[in-house]
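Notes to accompany the following structure.
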C-alpha cells in the first residue's frame, strides 16, 4: 500500500506539469497537425502510467526521465524541431547549416526508453549482465527504426505537409543521424545510470505478477 501511495503521489505531481506543458505547447503551435503528432506519445503515456501504476510501478529515476522526455516532445511540437529557438542559438554559435535541436531530441528519445526497458527486463525477466545490455540496445534500435518507418508512412500520406514533422532540413542523411543519436542516447543511459537504477530497482523489488 505504501508503494501504491508513493506511485500515486508521483503521478499526481507529473499530471499537472504535463497538463501545463501541453496547454503552453498547444496554445499557438507552428503547425497544429505536427503538434498532434509530436505530443501523441505524451497523450498516450499519461493514461497508461495511471492505468498500470498498481501492477507495474516505476522507479523515481524512470518516472523523472519520462517526465522530462514529455516536456522535450512538447517543445518540439510547439515550434517543430527545425524551429526551436534554442536550436537557432546553437546553430549561430557553432556556425552550423541547420537547427540541431532534433539531435539531442533523438538522444533523449532512446536515453529515456533505455531505462524504462531496462527496468522492465530486470524486474519481470530477472535479466542482468551482458544480455541485459544487448537486449536494451536492440529494443531501442528497433523502436527507433519503427519510428522512422512511421515518419516515412506519414510523409507518403501527407506529402509536403509532413515536412515539419520530418524535420530533415534538407539533410539526406537525417534518418541515419536519427538512428545514431538514438543508439548514443541508449548507450549513454546504460553507462551513466545503471548503478543508480539498480539501487532503485532493488528498493522497489520485483514486479508482481
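Every number in this text was worked out from the coordinates using simple rules, so none of it is lab data. None of the values given here were measured: they were computed from a predicted structure. No Cβ is skipped: glycine too gets one built from the backbone with ideal geometry, and neighbour counts run over all protein chains shown.
Compute the relative contact order of the chain as a whole-number percentage, counting only Cα pairs closer than 8 Å that sit 6 or more residues apart in sequence.
About 27 percent, as a whole number.
Once label points are set 7 Å from the Cα along Cα→Cβ at both residue 68 and residue 88, what is their separation, rounded to one decimal in nm?
2.6 nm
Which of 148, 119 has the fewest other C-beta atoms within 10 Å, and how do the rest follow up to the most?
Working: 148 17, 119 23.
Fewest-to-most Cβ neighbours within 10 Å comes out as 148, 119.
Order these peptides, 181-191, 41-51, by their mean beta-carbon neighbour count within 10 angstrom, highest first.
On the way: 181-191: 19.7, 41-51: 14.4.
Final packing ranking: 181-191, 41-51.
Using square roots of five times the C-alpha gyration tensor eigenvalues, list the equivalent-ellipsoid semi-axes of the chain in whole Å, biggest first. All intermediate terms of the calculation are to be shown ahead of the outcome.
Details: eigenvalues 188, 84, 46 Å².
One finds semi-axes of 31, 20, 15 Å for the chain.
Tell me what the chain gives for mean residue ellipticity at 222 nm when only DSSP H runs of n ≥ 4 count, each as -39,500 (n - 2.57), the sum divided by the residue total, rounded to 500 deg cm²/dmol. Intermediate values should be presented prior to the final figure.
Details: 8 runs with 164 residues, N = 209.
Calculated mean residue ellipticity at 222 nm is -27000 deg cm²/dmol.
What nm distance separates the two modelled labels at residue 95 and residue 150, each placed 7 Å from Cα along Cα→Cβ?
3.9 nm
Using Cβ counts within 10 Å as a stand-in for footprinting exposure, how do 111, 152 rank, fewest first?
Ranking 111, 152 by Cβ neighbours within 10 Å, fewest first, gives 152, 111.
May I ask you to compute the full-extension gain from residue 8 to residue 177, defined as 0.36 nm times their residue separation minus their alpha-carbon distance, rounded to one decimal in nm?
57.0 nm
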